[in-house]
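The values are calculated or read from the model by the stated rules, or taken from the named source; none is laboratory data. This structure is a prediction, so every number in the text was calculated from the model and none was measured. Methodologically, a virtual Cβ is constructed for each residue, glycine included, from the backbone with ideal geometry; neighbour enumeration extends over all protein chains shown.
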Amino acid sequence: MYAVIMAGGVGTRLWPRSRESRPKQFSDITGNGLTMIQETAKRLQGVVDGPELYVVTGAAYAGLTTEQLPQMPADHVIVEPSGRNTAPAIGLACLHLRRRDPDAVVAVLPADHVILQPEHFRTALQRAGEIADQGFLVTLGIEPTFAHTGYGYIKRAEALVDDGGLPAYRVERFLEKPKRIAAEQFLAQGGYYWNGGIFVSRVATMLDELARQAPAIYDRLMQIDAAMAGPDVWTVLQAVWQSVPSVSIDYAVMEGAHKVAVVPMQAGWNDVGSWDALETVLEPDEMGNAIARGEVLLLDSCNNIVYSDKRLVALINVSNIVVVDTGDTLLIGDKSNMQRVKDVVEKLRAQGRNELL
């Protein structure tokens, strides 16, 4: 099996630690000493090791990628000229893999997720690889722990395999982010999973589905493929990429594919989309405070989240706040409103404060 790590996003909701010059996937967000992309590569070990690892990212992050993943060959960094969403990026990676191994099975996964039980993840990934080898497009379905309204859902159909190991099911349908009542119904009924954006398939299957369902993307990929053996590949890639439709792999391929399967996974998964998510992946103290990084002094304070790069942070009689200190920037906010960090970023951009972005 091969793996393609998608590492092109910026992650504005984790500002000010996540910046355009060093997005969250290249930062140690949880304080464990590894950046998120390093942690992603580490949890693949034993199933996919360095020589079988690829990364898709922007030109600005190619150097960071090779620096942080020295176990991976430098020419396995696949640079996209600009962000065109996940379907074109995955298609571009498949072109590279097909040249190396036409029969390759590939796992595609984001660089910025946290998985607390990597051994369970590897078991699910191996099962997904077995199902993908039968011509299925496979997604890892995250076992829901509560009625989350911020994720898309996957509804399973009949079992494909149930041999005493991890099961696999056909996918009945994908569902958009639900309202609260619908999410609670999904949880009560069972058979629904969060869509974590982790996919496994044969390279040939993915390209065939792109050709069938997204010909505008596929045709441009074939123009790029025709130039890949020549000296002008980067010039051709830049020229063609501008007209590639920007669409997610869910819309372009997964929702309309002929053979789609889901492998359930219960592995302590979290996409760490905002600062408040850290309390679900960090061990809290006796007062419920989650300290991601730094020296912290707490007096009668509870249920707070703190990340500090350099300075001591002292909290007195406060609760339910997030404090993020990166040296040049200090963020303090109510824990339940951390989605508004992106509004701060937008205001700074409008003010021309690019040095803080």
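Checking residue 270 against (1) loosely packed, with under 14 Cβ neighbours inside 10 Å; (2) modelled with pLDDT under 95, which single condition isn't satisfied?
All conditions are met except number (1).
For region 40-58, does any single residue satisfy the condition of being of a type outside the set (Val, Ile, Thr), farther than 23 Å from residue 102 by Cβ and under 14 Å from the mean Cα position of the chain (by Cα)?
Yes, region 40-58 contains a residue that is of a type outside the set (Val, Ile, Thr), farther than 23 Å from residue 102 by Cβ and under 14 Å from the mean Cα position of the chain (by Cα).
Any residue at all in region 34-56 that is over 20 Å from residue 201 (Cα atoms), of a type in the set (Gly, Ala, Ser) and surrounded by fewer than 19 Cβ atoms within 10 Å (Cβ to Cβ)?
Among the residues of region 34-56, not one is over 20 Å from residue 201 (Cα atoms), of a type in the set (Gly, Ala, Ser) and surrounded by fewer than 19 Cβ atoms within 10 Å (Cβ to Cβ), which makes the answer no.
Select, from 45, 71, the only residue that is of a type outside the set (A, V, I, L, M, F, W, C) and out of contact with any Leu (no Cβ under 9 Å at 6 or more places or on another chain).
45
Scan region 184-203 residue by residue and report those that are more than 22 Å from the chain's Cα centre (by Cα) and touching a residue at least 12 places away in the same chain (Cβ under 8 Å).
Of everything in region 184-203, those that are more than 22 Å from the chain's Cα centre (by Cα) and touching a residue at least 12 places away in the same chain (Cβ under 8 Å) turn out to be 184, 186, 187, 191.
Looking only at region 119-132, decide whether some residue is in contact with a Pro (Cβ under 9 Å, 6 or more places away or on another chain) and at pLDDT 95 or above.
Yes: region 119-132 contains one or more residues that are in contact with a Pro (Cβ under 9 Å, 6 or more places away or on another chain) and at pLDDT 95 or above.
Are there any pairs, at least 6 apart or on different chains, whose C-beta atoms fall under 7 Å, with the first in region 82-111 and free of Cβ contacts under 8 Å to residues at least 40 places away in the same chain and the second surrounded by 19 or more Cβ atoms within 10 Å (Cβ to Cβ), and if so, which?
Filtered contacts from region 82-111: no entries.
Going by the structure shown, is residue 13 outside any helix (DSSP H, G or I) and modelled with pLDDT under 95?
Working: outside any helix (DSSP H, G or I): no; modelled with pLDDT under 95: yes.
No; evaluated as a whole, the condition is false for this residue.
Could you grab the pairs with beta carbons closer than 6 Å, sequence gap of 6+ or different chains, first residue in region 204-225 and at negative phi, second one in a helix (DSSP H, G or I) and loosely packed, with under 15 Cβ neighbours inside 10 Å?
213/256
Would you say residue 18 is over 17 Å from residue 106 (Cβ atoms), of a type in the set (Ser, Thr, Tyr) and surrounded by fewer than 21 Cβ atoms within 10 Å (Cβ to Cβ)? Before the answer, list the steps.
Details: over 17 Å from residue 106 (Cβ atoms): yes; of a type in the set (Ser, Thr, Tyr): yes; surrounded by fewer than 21 Cβ atoms within 10 Å (Cβ to Cβ): no.
No, not satisfied.
State the number of residues belonging to region 235-248 that are among the small types (Gly, Ala, Ser) and either buried (at least 16 other Cβ atoms within 10 Å of the Cβ) or in contact (Cβ under 8 Å) with a residue 40 or more places away in the chain (or both).
We begin by selecting, within region 235-248, every residue among the small types (Gly, Ala, Ser); these are 239, 243, 246, 248.
Retained after the next criterion (residues that are either buried (at least 16 other Cβ atoms within 10 Å of the Cβ) or in contact (Cβ under 8 Å) with a residue 40 or more places away in the chain (or both)): 246, 248.
The qualifying residues number 2.
From the list 208, 232, 133, 225, exactly one residue is surrounded by 15 or more Cβ atoms within 10 Å (Cβ to Cβ), acidic (Asp, Glu) and either in contact with a His (Cβ under 9 Å, 6 or more places away or on another chain) or more than 18 Å from residue 261 (Cβ to Cβ) (or both). Which is it?
Step by step, each of 208, 232, 133, 225 is checked, and only 225 is surrounded by 15 or more Cβ atoms within 10 Å (Cβ to Cβ), acidic (Asp, Glu) and either in contact with a His (Cβ under 9 Å, 6 or more places away or on another chain) or more than 18 Å from residue 261 (Cβ to Cβ) (or both).
Of everything in region 153-171, what is crowded, with 16+ Cβ neighbours inside 10 Å, in contact with a Phe, Trp or Tyr (Cβ under 9 Å, 6 or more places away or on another chain) and not aliphatic (A, V, I, L, M)? Give them in sequence order.
153, 155, 156
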